[in-house]
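**Q** Take a look at the following structure, please.
The values are calculated or read from the model by the stated rules, or taken from the named source; none is laboratory data. Worth saying up front: this structure is predicted, and the values here are computed from it rather than measured. A quick note on method: Cβ atoms are made from the backbone with ideal geometry, for glycine too, and the neighbour counts reach across all protein chains shown.
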Amino acid sequence: MRTAIIAIRNRLDRAGILLSGLCAIHCVLGVFFVGFLGLGGEVLLSPEVHRVGLALALVVGVVSLGFGVLRHGRIAPLVIGGVGLALMATAIVVGHGLAESILTIIGVALVAFAHIRNLHRAH
């Protein structure tokens, strides 16, 4: 039973890393396609896409990083991930543009880094 729980926690951290990467790719492609080519703005810049992405990141981040603190007793990954999630939430508030892209990319990088640290601390 314990092994199954650990496997689920590890999968959640890996999912968090994957979601962070997808978010960064979405952000970069959004800037490229909309800014340089004028394509896809209605889909790539849709507020719903950003809200759903942030909601997924929050759920996966809080659960996996929170369980990580309980598992290995180190709070640093949770704090780093929390800062990253806060930057991602701020990016939604500032609206579309360069500030949003920068905040999002820094935020997802911090969240991914927190998940990686969480995985390493668990072993």
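**Q** Here are 54, 78: which of them is in a helix (DSSP H, G or I), modelled with pLDDT of 90 or more, surrounded by 18 or more Cβ atoms within 10 Å (Cβ to Cβ) and not small (Gly, Ala, Ser)?
**A** The conditions single out 78.
**Q** Tell me the residue from 66, 73 that is surrounded by fewer than 12 Cβ atoms within 10 Å (Cβ to Cβ), small (Gly, Ala, Ser) and modelled with pLDDT of 85 or more, please. Outline the logic, then answer.
**A** Details: 66 fails: surrounded by fewer than 12 Cβ atoms within 10 Å (Cβ to Cβ).
So the residue among 66, 73 that is surrounded by fewer than 12 Cβ atoms within 10 Å (Cβ to Cβ), small (Gly, Ala, Ser) and modelled with pLDDT of 85 or more is 73.
**Q** Given the conditions (1) farther than 25 Å from residue 121 by Cα; (2) modelled with pLDDT of 85 or more, which single one is not true for residue 100?
**A** In the conditions (1) farther than 25 Å from residue 121 by Cα; (2) modelled with pLDDT of 85 or more, residue 100 misses (2) alone.
**Q** Another question, then. Please work out which residue is nearest to residue 21 (Cα to Cα), limiting yourself to the range 81-106 and to residues that are hydrophobic (A, V, I, L, M, F, W, C) and crowded, with 19+ Cβ neighbours inside 10 Å.
**A** Filtering the range 81-106 for residues hydrophobic (A, V, I, L, M, F, W, C) gives 83, 85-89, 91-94, 98-99, 102-103, 105-106.
With the extra rule that they be crowded, with 19+ Cβ neighbours inside 10 Å, the set shrinks to 85, 87-88, 91, 103, 105.
On the way: 85: 14, 87: 15, 88: 13, 91: 16, 103: 14, 105: 9 Å.
If we take residues in the range 81-106 being hydrophobic (A, V, I, L, M, F, W, C) and crowded, with 19+ Cβ neighbours inside 10 Å, then 105 is nearest to residue 21 (Cα to Cα).
**Q** For the range 93-123, give me each residue that is over 30 Å from residue 71 (Cβ atoms) and assigned to a helix (DSSP H, G or I).
**A** Residues satisfying the conditions are 93, 94, 98, 99, 100, 101, 102.
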